[in-house]
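Step one of this worksheet: look at the structure below.
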Amino acid sequence: MTHQDELKQLAGEAAVQFIEDGMVVGLGTGSTMKFMVNALGERVKKEHLSIVGVPTSERTKEQAHSLGIQTKAINEIDHIDLTIDGADQIDPDYQGIKGGGGAQLWEKIVAINSTKNIWIVDETKMADELGSFPLPLEVIPYGSNLLFSRLKKKGYHPVFRMNGDKYFLTDSDNYIIDLHLGHIKHPHELALELDQMTGIIEHGLFLDLVNTIIVGHKDGPEIIK
Ligand code: 5RP
């Protein structure tokens, strides 16, 4: 395991204590979340917890089922008490970029419908400014080449995400375009602009959404907010 993975594991395992019996819990996606879901599986087994997981990807759903964690689809529940998810970059105002794993559409739907959101990250994700991590856009395939050209003309350095020689497909069968922006000076303005562009279903700017951040450091997890 790499050092970064060890820090992800620390954060993931620290988050599981926030889950209480009877909760409906949004389950994010990614390598940090894998550690959290493993730890949750152990708690469910040992403590016979009755929790319902709402997975944000097919990957997370499969992992949860393999560990005996009950899940429901988002349309089968009427509330989510708590969502735990990873993040790709977090700035000093606790704004974030997500979607490195291509799951940001389902992740954002789950996050905005959750009473509380916790992000779990290793310390390398904490940044002075967003943007050195490419900003993912989930886009509808129809017209995506023209959308790509518009993004290029704006100077947003778009790149289609690929899976070998095929387009990467999300769980909703859409494409991902990553914007290599370098810096995002005004995240709210950019979010508004992207929200208004036809063809973009969701972008990876997660603004004013998180309640608690758990950061894995080598000397232990830090809980922020
Ligand atoms: C997936 C995500 C992930 O939460 C994010 O990419 C962090 O992943 P990891 O824990 O593997 O570093 O947004 O769409």
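The values are calculated or read from the model by the stated rules, or taken from the named source; none is laboratory data. Note that the structure is predicted; figures quoted are calculated from it, not measured. Note: ideal-geometry Cβ built from the backbone for every residue, glycine included; neighbour counts use all protein chains shown.
Inspect the stretch 157-177 for any residue being of a type in the set (S, T, N, Q), assigned to a loop (DSSP other than H, G, I, E, B) and in the same structural domain as GLU107 (by the TED database) and give the result as yes or no. Spell out the reasoning first.
Narrowing the stretch 157-177 to residues of a type in the set (S, T, N, Q): 163, 170, 172, 174.
Filter again for assigned to a loop (DSSP other than H, G, I, E, B), leaving 170, 172, 174.
If we keep only those that are in the same structural domain as GLU107 (by the TED database) too, we end up with none.
Within the stretch 157-177, not a single residue is of a type in the set (S, T, N, Q), assigned to a loop (DSSP other than H, G, I, E, B) and in the same structural domain as GLU107 (by the TED database).
Tell me which residues, restricted to the stretch 75-89, are of a type in the set (Val, Ile, Thr) and in a strand (DSSP E or B).
Listed by number, the residues that qualify are ILE80, THR83, ILE84.
Can you name the condition, by its number, that SER31 falls short on among (1) buried (at least 16 other Cβ atoms within 10 Å of the Cβ); (2) under 14 Å from the mean Cα position of the chain (by Cα)?
Exception for SER31: condition (1).
Output the number of residues of the stretch 58-90 satisfying the condition of being of a type in the set (Asp, Glu) and under 15 Å from the mean Cα position of the chain (by Cα).
Summing the residues that are of a type in the set (Asp, Glu) and under 15 Å from the mean Cα position of the chain (by Cα) in the stretch 58-90 gives 3.
Look through the stretch 90-101, keep the residues that are in contact (Cβ under 8 Å) with a residue 24 or more places away in the chain and surrounded by fewer than 24 Cβ atoms within 10 Å (Cβ to Cβ), and return whichever of them is farthest from VAL37 (Cα to Cα).
By that ranking, first place goes to PRO92.
Out of curiosity, is LEU147 assigned to a helix (DSSP H, G or I), within 16 Å of the ligand (Cβ to nearest atom) and touching a strand residue (DSSP E or B) at 6+ places or on another chain (Cβ under 8 Å)?
no
So, in the stretch 27-74, exactly how many residues are of a type in the set (S, T, N, Q), in a loop (DSSP other than H, G, I, E, B) and within 15 Å of the ligand (Cβ to nearest atom)?
Within the stretch 27-74, the subset of a type in the set (S, T, N, Q) is 29, 31-32, 38, 50, 56-57, 60, 63, 66, 70-71.
Okay, now just the ones that are also in a loop (DSSP other than H, G, I, E, B), so 29, 50, 56-57, 70.
Then keep just the ones that are within 15 Å of the ligand (Cβ to nearest atom); that gives 29, 56-57.
Count: 3.
Select from the stretch 90-128 the residues that are farther than 19 Å from GLU202 by Cα, more than 11 Å from the ligand (Cβ to nearest atom) and outside any loop (DSSP other than H, G, I, E, B) and list them in ascending order.
THR115, LYS116, ILE118, GLU123, MET126
For the stretch 34-44, indicate whether the set of residues that are more than 30 Å from ASP219 (Cα to Cα), of a type in the set (D, E, K, R) and in contact (Cβ under 8 Å) with a residue 12 or more places away in the chain is non-empty.
no
For the stretch 158-170, state whether one or more residues are buried (at least 24 other Cβ atoms within 10 Å of the Cβ), within 12 Å of the ligand (Cβ to nearest atom) and of a type in the set (A, V, I, L, M, F, W, C).
no
Do we find that ALA39 is farther than 14 Å from THR83 by Cα, hydrophobic (A, V, I, L, M, F, W, C), surrounded by fewer than 24 Cβ atoms within 10 Å (Cβ to Cβ) and not assigned by the TED database to the domain that holds SER172 in this structure? Don't jump to the end; show me each part of the working.
Details: farther than 14 Å from THR83 by Cα: yes; hydrophobic (A, V, I, L, M, F, W, C): yes; surrounded by fewer than 24 Cβ atoms within 10 Å (Cβ to Cβ): yes; not assigned by the TED database to the domain that holds SER172: yes.
When the stated conditions are applied, ALA39 passes them.
Any residue at all in the stretch 126-142 that's touching a Phe, Trp or Tyr at 6+ places or on another chain (Cβ under 8 Å), crowded, with 19+ Cβ neighbours inside 10 Å and not aromatic (Phe, Trp, Tyr)?
yes
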